[in-house]
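Some notes on the structure that comes next.
The values are calculated or read from the model by the stated rules, or taken from the named source; none is laboratory data. Predicted, not measured: the structure shown is a model, and the values here were computed from it. Here Cβ is always computed from backbone atoms with ideal geometry, including for glycine, and neighbour counts include all displayed protein chains.
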Amino acid sequence: MNVTIIPYKIISLFTSDNERKMHLNALFSTIIIIFTFNILRTLPHFCFFQMVFNIPCPGCGILTSVYSITKFEFVESFIYHPVGFILVIFYLSQIPLRLIALIEPIKLGNKIKNFLNIYSTCIITSLMLVWIIKLFGGIYGSVILS
């Protein structure tokens, strides 16, 4: 899974190679997401999933968790969402790995792409597991600090 938010027509201005387009788009998108994080954090909480189903979605609390990590409040971060740590490492690792993939696309590009695909699958799996545990453990609705 590649998080890309820049239209490929814009990325095509920089390169014509499809592999490089993918890595370049992911790199630029990651940088934009990191720099706009504070803006995202200030938006009011809105979860369409929670409005429809009356239960939090698998990602509810992840933004607050990541924000707590930036303030070095690791216990609070884990309480908001345990996957926050994994997500921060994923996004921070994107920058050097995508740069390496752009420099050495033939030797390392596919290996890095495969690694990041496995990593993102682990993130999605972790989100779902934490969500299921919280739903069936009755953790939503009360925060336990023990």
_Cross-chain or 6+ apart pairs with Cβ under 6 Å, region 49-70 first and more than 16 Å from L92 (Cα to Cα), then in a helix (DSSP H, G or I) and among the hydrophobic types (A, V, I, L, M, F, W, C)_ = C57/F49; P58/L127; P58/M128; P58/W131
*asked:* Pull out all pairs, ordered by first then second residue, where Cβ-Cβ is under 6 Å, the residues are six or more apart or on different chains, the first lies in region 85-104 and is within 11 Å of R20 (Cα to Cα), and the second is hydroxyl-bearing (S, T, Y) and surrounded by 14 or more Cβ atoms within 10 Å (Cβ to Cβ).
replied: none
*Could you please tell me which pairs satisfy a Cβ distance under 7 Å, a separation of 6+ or placement on different chains, a first residue in region 107-129 that is assigned to a helix (DSSP H, G or I), and a second residue that is loosely packed, with under 13 Cβ neighbours inside 10 Å?*
N117/M1; S120/M1
*Out of (1) in contact with a helix residue (DSSP H, G or I) (Cβ under 7 Å, 6 or more places away or on another chain); (2) at pLDDT below 85, the odd one out for I11 is which?*
(2)
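Kindly establish whether S12 is farther than 18 Å from V130 by Cβ, under 15 Å from the mean Cα position of the chain (by Cα) and not hydrophobic (A, V, I, L, M, F, W, C).
On the way: farther than 18 Å from V130 by Cβ: yes; under 15 Å from the mean Cα position of the chain (by Cα): no; not hydrophobic (A, V, I, L, M, F, W, C): yes.
Here the answer is no, as S12 does not meet what is asked.
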*Failed item, numbered, when I89 is tested on (1) modelled with pLDDT of 90 or more; (2) surrounded by fewer than 12 Cβ atoms within 10 Å (Cβ to Cβ); (3) hydrophobic (A, V, I, L, M, F, W, C)*: (2)
*Taking helices (runs of 4 or more DSSP H) that fall entirely within region 1-88, which contain at least 1 residues that are out of contact with any Pro (no Cβ under 7 Å at 6 or more places or on another chain) and of a type in the set (D, E, K, R)?*
8-11, 18-35, 37-42, 74-80
